[in-house]
Amino acid sequence: MSDSEVEIEEDDGVKAFMPSGFGKQDRVANTKAQIEQSRRGAGAESRPADPSGSRLITGSSDCMLNFHDFSSMTPTTVRAFKSFDPTASKTSSNNEVHPIYQVLFNPIAPASVLVVTSLPQAKIVSRDGDITTTFVKGDMYLRDMHNTKGHISELTSGAWHPKNRDLCVTAGTDSTLRIWDVNNPRSQRDVIVHRSKAAGSAGRTRMTAVAWGGSSNTLVGAAFDGSLAMWGGDGPFNRPSGEIRDAHAKDTWTSGLDISSDGRLVISRGGDDTIKLWDTRKFNKPVNTASHPSTSSQFPSSNICFSPNSASVITGSATGHLHILNPATLRPELVTPVTNGSPLITVLWHEKLNQIITGSANAETHVLYNPNTSRGGAKVVMTNAPKRRHIDDNPNLTMDLAHGISGDAISASGQAAATSFAARHPNVGMTNSGKSRDPRRPHIPQITPFGKSQPDRDAVTKHIPLSSMRDEDPREALLKYSEKADKDRMFTNAWAKTQPKTIYAELSDDDEEPDKKKAKR
């Protein structure tokens with residue numbers, strides 16, 4: 001070793017932090033990372049699937065609806081093909097926040113989707129994400145709720161008619177249930193006013209949940225005063241056919257409500273940490289009661305529902321577990337973890353897919369399926385081949401070249417040039433005709449050669465002195481035509497010889513004196 005060389009000892013501690021290589025070392029798709037990137041920023045409040053099981057919609061408290069198509073998703077690409085805010089009136093100035101409480105496909109006409117938000121107006125959206133109907137808002141200054149044409153305060157829940165494709169019902173905090181006809185959104189078809197008998201309520205309370213179903217066409221509603229009310233689905237709605245005043249504890253939010261397929265049983269999940277089963281034929285006391293911690297105080301859309309054959313009851317828990325209960329005893333037959341540590345808000349057992357779809361507070365949507373008994377849905381997604389990832393598929397890694405060098409200027413030899421700058425930036429630059437590509441910028445006509453050489457009137461007035469008629473002497477303007485008038489008379493040519501010299505009348509004394517004023521009578 002020479003004197004100029006210095007021996008450096010290897011530091012294992014520093015070497016451990018140094019990367020062994022750069023870039024991706026293998027071609028294996030990181031499915032977990034892709035799912036983490038596709039997480040929603042707020043709890044998934046609703047996640048329905050259409051009756052055919054081909055499309056899934058997720059709505060949450062971030063005011064966004066996400067549309068997913070099972071046939072186009074793969075294990076590595078679980079993104080939505082469309083996302084939009086159904087409550088936004090102007091995209092540029094939308095400062096209000098309206099959480100989405102419930103999204104429901106029409107069981108008879110899957111092309112219609114009922115969207116219930118915190119606004120007083122429910123909306124009907126197509127399965128492609130287009131708003132087709134917006135129900136009217138009522139007059140908030142009317143005291144009698146029978147005279148208003150719509151809800152006057154926040155909505156909480158909704159449901160479709162089990163047999164009529166044009167009818168739906170919404171529940172609101174104005175103590176009413178309103179039945180709507182989608183063909184007449186300007187006024188409700190029927191209004192049900194729930195009169196609370198709780199002390200200090202002044203006859204009003206908030207309706208927290210509503211369910212409409214069963215073979216017998218039964219309508220059931222839950223209120224904030226702890227009561228349950230039942231009506232016949234075809235009316236009359238003047239008074240309920242059955243009512244339980246103390247079904248759950250007073251001033252607790254009963255968020256979950258469902259009716260069995262035969263219409264004989266009603267399951268309710270209250271804010272008093274209880275689950276109760278009711279018989280519609282003896283609607284005065286619960287058949288069974290079970291203790292279950294409630295999450296409705298934090299997540300008002302926490303639900304509970306029957307299985308398609310009403311042989312089981314499913315619901316979520318605050319610990320993130322899925323509970324499958326026996327409706328006869330309300331005891332858990334199966335408890336499986338879905339999102340540990342994060343509450344499981346909504347559950348749905350799809351009839352055709354035979355799969356359970358869940359929504360959690362950590363913005364995750366899970367689809368539980370059985371490879372042997374399930375059909376379509378998540379099973380199709382897992383059987384699809386993973387899509388080969390490209391750097392352009394991730395918008396966070398792509399570079400914005402609006403202020404940099406154009407892609408047209410860089411092209412490899414023997415290869416076609418990349419996409420033009422105009423195609424990547426349609427609102428930047430000018431067209432061939434001279435118009436701006438930005439639709440917000442007004443069009444300025446091109447200046448002609450005459451416009452460049454001939455000054456306009458304002459320029460002449462400002463820069464050329466005495467160019468206005470106000471600066472001209474009228475006496476000089478008339479005298480410059482006197483010589484021409486003497487040589488070529490147009491009207492007095494007959495007197496050119498007989499009276500060559502013009503004779504004017506002489507002034508009299510009367511003409512010189514001013515006019516006398518008229519005497520007042």
>> If Pro162 satisfies all but one of (1) within 25 Å of Asp85 (Cα to Cα); (2) touching a residue at least 60 places away in the same chain (Cβ under 8 Å); (3) crowded, with 16+ Cβ neighbours inside 10 Å, what's the number of the condition it fails?
In response: (1)
> Can Pro343 be described as under 18 Å from Ser255 (Cα atoms) and in contact (Cβ under 8 Å) with a residue 12 or more places away in the chain?
Replying inline: yes
> Since Glu45 meets every condition but one in (1) modelled with pLDDT under 70; (2) under 14 Å from the mean Cα position of the chain (by Cα); (3) in a strand (DSSP E or B), which condition does it not meet?
Replying inline: (2)
>> Restricting to region 248-285, and then to whatever is touching a residue at least 40 places away in the same chain (Cβ under 8 Å), crowded, with 22+ Cβ neighbours inside 10 Å and touching a Gly at 6+ places or on another chain (Cβ under 6 Å), can you tell me which residue is nearest to Val347 (Cα to Cα)?
In response: Arg269
>> Would you confirm whether or not region 141-158 contains a residue that is buried (at least 17 other Cβ atoms within 10 Å of the Cβ), within 25 Å of Ser215 (Cβ to Cβ) and either aromatic (Phe, Trp, Tyr) or in contact (Cβ under 8 Å) with a residue 12 or more places away in the chain (or both)?
In response: yes
> With (1) part of a loop (DSSP other than H, G, I, E, B); (2) modelled with pLDDT of 95 or more as the list, and Arg195 as the residue in question, which single condition is left unmet?
Replying inline: (2)
> Taking region 125-156 as the region of interest, how many residues are charged (D, E, K, R) and under 17 Å from Pro86 (Cβ atoms)?
Replying inline: 5
> From the set of residues in region 328-360 that are closer than 12 Å to Ser317 by Cβ and out of contact with any strand residue (DSSP E or B) (no Cβ under 6 Å at 6 or more places or on another chain), which is surrounded by the fewest Cβ atoms within 10 Å (Cβ to Cβ)?
Replying inline: Asn340
>> Tally up the residues in region 173-190 that are part of a strand (DSSP E or B) and touching a Ser or Thr at 6+ places or on another chain (Cβ under 6 Å), please.
In response: 1
> Listed residues His248, His194; which is over 18 Å from Leu119 (Cα atoms) and over 31 Å from the mean Cα position of the chain (by Cα)?
Replying inline: His248
> Which number in (1) over 11 Å from the mean Cα position of the chain (by Cα); (2) farther than 30 Å from Thr383 by Cβ; (3) at pLDDT 90 or above; (4) surrounded by fewer than 16 Cβ atoms within 10 Å (Cβ to Cβ) marks the one condition that Ser126 misses?
Replying inline: (2)
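The values are calculated or read from the model by the stated rules, or taken from the named source; none is laboratory data. Just so it is clear, the model here is predicted, and its values are computed rather than measured. Reconstructed Cβ throughout: ideal geometry from the backbone, glycine too, with neighbour counts over all protein chains shown.
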